[in-house]
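The values are calculated or read from the model by the stated rules, or taken from the named source; none is laboratory data. Keep in mind that this is a model prediction, so the values were computed, not measured. Ideal geometry is used to build each Cβ from the backbone, glycine not excepted, and the neighbour counts take in all protein chains shown. Just the protein is used for accessible areas: all its heavy atoms, side chains included, with ligands, DNA and RNA removed. Shrake-Rupley method; radii C 1.70, N 1.55, O 1.52, S 1.80 Å.
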Amino acid sequence: FVGGRLRFLDMTTVVRDDAVIPPDVDINDIEEERRIVAIGPVFNLDLTDGSLNPRSGTTVNGQWLFAVPGLGSDNAYDKANFTVNHFVDVNDKTVVAFRGSLCAASTDAPFFDLCLFGSSSNLRGYSSGQYRDRASWAVQTEWRRHLGGRFGVVAFAGIGGVAPGLGSIGHSTLLPAAGGGVRYEVSSEY
């Protein structure tokens, strides 16, 4: 699928008295009232054998949004996101999944629209927004094994990073993630 996206945000930011502000964020730079109107292309290529629990195939997703003052946005900036997922059906009980992602935001992007970890399935285990900057990347793999009935197990590992821009992504702060768990299929129909 190829198309367009219009994103509208009208928000009020309140900083709590007990909030921990990162040392590189100037509280004066956080505007209390902000309106963002962004527009841009999006695409989605899904070559998997199922949307909820794929066993094989590849998905590729991307979007590049431009905040435009002429449409009502308070400032101009752009942000791009790109992800690739690949699933390998090892046997009737085992699937290995791979994921790669890249994000970039221009210098005028507000703090709440920077690239971050803890959301969008990138590096599980990090609080959303704990690490954010103008560029981020992540690669990870996941091993899934069906045990029987509706139960299964999963193990995953990955690494990623954040940087002040795409040009310095090679010197990014490295963030590792690993874990595992039990899976339970709530609905066999969906």
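Quick check on the range 174-190. Is at least one of its residues on the phi < 0 side of the Ramachandran plot, in a loop (DSSP other than H, G, I, E, B) and among the hydrophobic types (A, V, I, L, M, F, W, C)? Yes, the range 174-190 contains a residue that is on the phi < 0 side of the Ramachandran plot, in a loop (DSSP other than H, G, I, E, B) and among the hydrophobic types (A, V, I, L, M, F, W, C). Here residue 31 meets each of (1) at pLDDT 90 or above; (2) in a loop (DSSP other than H, G, I, E, B); (3) among the charged types (D, E, K, R) with one exception, condition (1). Residues of the range 64-85 that are β-branched (Val, Ile, Thr) and closer than 30 Å to residue 140 by Cβ: 83, 84.
Of everything in the range 109-137 that is hydrophobic (A, V, I, L, M, F, W, C), in contact with a strand residue (DSSP E or B) (Cβ under 7 Å, 6 or more places away or on another chain) and not in a loop (DSSP other than H, G, I, E, B), the residue that is modelled with the lowest pLDDT is 116.
All but one of (1) at pLDDT below 95; (2) surrounded by fewer than 13 Cβ atoms within 10 Å (Cβ to Cβ) hold for residue 47, so report the exception by its number. The one condition residue 47 does not meet is (1). Applying the condition of being open to solvent by less than 40 Å² (accessible area, probe 1.4 Å) and not small (Gly, Ala, Ser) to the range 154-168 and asking which residue is nearest to residue 99 (Cα to Cα) yields 156. Only one of the numbered conditions (1) at pLDDT below 90; (2) open to solvent by 40 Å² or more (accessible area, probe 1.4 Å) is not met by residue 184, and that is (1). Considering every residue within the range 113-124, establish whether at least one is more than 22 Å from residue 177 (Cβ to Cβ) and not β-branched (Val, Ile, Thr). Within the range 113-124, one or more residues are more than 22 Å from residue 177 (Cβ to Cβ) and not β-branched (Val, Ile, Thr).
All conditions in (1) more than 23 Å from residue 105 (Cα to Cα); (2) not in a strand (DSSP E or B) hold for residue 147, with the sole exception of (2).
Among the residues of the range 64-108, what is the count of those that are in a strand (DSSP E or B) and open to solvent by less than 70 Å² (accessible area, probe 1.4 Å)? Of the residues in the range 64-108, 23 are in a strand (DSSP E or B) and open to solvent by less than 70 Å² (accessible area, probe 1.4 Å).
Out of all the residues in the range 93-116, which are over 22 Å from residue 35 (Cα atoms) and out of contact with any Lys or Arg (no Cβ under 8 Å at 6 or more places or on another chain)? Listed by number, the residues that qualify are 98, 99, 100, 101, 102. Being within 25 Å of residue 86 (Cβ to Cβ) and without any contact (Cβ under 8 Å) to a residue 12 or more places away in the chain is a property that does not hold for residue 161.
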